[in-house]
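One structure below.
The values are calculated or read from the model by the stated rules, or taken from the named source; none is laboratory data. If you're wondering where the values come from, they're calculated on a predicted model, not measured in any experiment. Virtual Cβ from ideal backbone geometry, glycine too; neighbours counted across all protein chains shown.
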Amino acid sequence: MRRAPASLLLLALCPLGAPAADAPPGNPERGAALHAAHCTGCHGDEVYTRPDRRIRSFPALVRRVQACNRNIGAGMTPAQVHDVIAYLNRRYYRFERKEAP
């Protein structure tokens, strides 16, 4: 029996579309429109500005946007997810991208 190389196993375990530190930063202007179309139906801006907000790092922001995209079936492409992340980060969070996973 042949085994798959470890590098293929690691690739299979990595989430698709996860922004890395050297990934394109996304377009916040496009992200604003995507956010309005896909996110504001479930919640308003208060989730980003409340004192007990759950997102406290860039990797957490990435995971949350990816999870929302999957959970609501928005069907955004990885590039569109990057755009929404860029918008949210510029508008509300201002995390350093070097924190990316």
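Miscellaneous remarks
- Inter-residue pairs, beta-carbon under 7 Å, first part of a helix (DSSP H, G or I) and in segment 35-52, second of a type outside the set (A, V, I, L, M), 6+ apart: H35/Y87; V47/R53; Y48/Y92; T49/Y92
- Any pair with Cβ under 6 angstrom, 6 or more apart, that starts in segment 58-69 at a residue that is free of Cβ contacts under 8 Å to residues at least 40 places away in the same chain and ends at one that is outside any helix (DSSP H, G or I): L61/I55; R64/I55; N69/M76
- Scanning segment 16-37 for residues that are at pLDDT below 95 and under 16 Å from G73 (Cα atoms), we see that the one that is surrounded by the most Cβ atoms within 10 Å (Cβ to Cβ) is G17.
- Unique residue being of a type outside the set (V, I, T), buried (at least 20 other Cβ atoms within 10 Å of the Cβ) and closer than 16 Å to G31 by Cβ when the list is A74, A86: A86
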